[in-house]
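Asker: Attaching a single structure in structure tokens format; questions to follow.
The values are calculated or read from the model by the stated rules, or taken from the named source; none is laboratory data. Computed from a prediction, not measured in an experiment: that's the story for all the values here. Counting neighbours? That spans all protein chains shown, and the Cβs are built from the backbone with ideal geometry, glycine included.
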Amino acid sequence: MHDLYPRDFECILVDKVFDSCLKKVCFDDIKVKLPEGIDPSCCDIELRLENGEIKSSSLKVIDSMKLPEDCKRVKFIVVIKGKVIINCNGKCFEIPITLPKIPLDIILYYPDTRPEFSFDLVIETRGELLDEMVDDDGDCSDAANVTLAIGVFIVAKVVGKVQLRLDCLLDYCVPPRECKDFTDASACDDFDAFEFPADFFPPQATSIYPCDEVVYPCEDEC
């Protein structure tokens, strides 16, 4: 019979981030054409961008003797789409936009590995609306243009799936609660859950005014 060895550790399969870096890009001339009849001075403008994507076939990982060991030159193009939301006089307009393509040429830790192992380059982005300005070109057009200044944070990550060791045994995470089915509730259903109101009856006296003779001031003194 073989002796059993103590198992006091865990092994988990995870996407490990081998390297990451931040790039900030700013655009100060994003033109957005508003619907006709909209006065931009009376509107609220909101920016909602999707997470950026790496343009298909644009990713290139290049070796270079000038770089430190296991580092590589990584080139790719980031494409970011989204929409500008115009809220004006109770009406909401959504205008799709695509930011100019963002070419990146950066250095990342990207080591050589066995052929069966592969890295993924993953990006995460966040856009910020920095400024907005109504274009005044002096024409008589009914449609106005708005120029937006947009800043973008781009985090590039080199990710690989690996097995990591944790030097402790972890409990399984069981569901913290049972799922509650959604049901349409009416105002009467909510009323059934109300507590009996404390002010249902009039307030009771906690002290009694003495029944002495009340002396009123004479009318001449008033």
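Asker: Please verify whether Asp220 is outside any loop (DSSP other than H, G, I, E, B) and at pLDDT below 80, treating the condition exactly as stated.
Answerer: Judged against the criteria, Asp220 is a match.
Asker: Any residue at all in region 77-86 that's out of contact with any Lys or Arg (no Cβ under 8 Å at 6 or more places or on another chain), among the basic types (Lys, Arg) and more than 15 Å from Gly52 (Cβ to Cβ)?
Answerer: No - not one qualifying residue is present in region 77-86.
Asker: Tell me which strands (runs of 3 or more DSSP E) are completely within region 1-108 and hold 1 or more residues being within 22 Å of the chain's Cα centre (by Cα), or say none if there are none.
Answerer: Qualifying strands (runs of 3 or more DSSP E): 10-33, 43-49, 71-79, 81-88, 91-98.
Asker: Can you say whether Ile95 is free of Cβ contacts under 8 Å to residues at least 60 places away in the same chain and β-branched (Val, Ile, Thr), as far as the supplied structure shows?
Answerer: no
Asker: With the checklist (1) at pLDDT below 95; (2) in contact with a strand residue (DSSP E or B) (Cβ under 6 Å, 6 or more places away or on another chain) in hand, flag the one item Lys66 doesn't pass.
Answerer: Going through the list (1) at pLDDT below 95; (2) in contact with a strand residue (DSSP E or B) (Cβ under 6 Å, 6 or more places away or on another chain), Lys66 breaks only (2).
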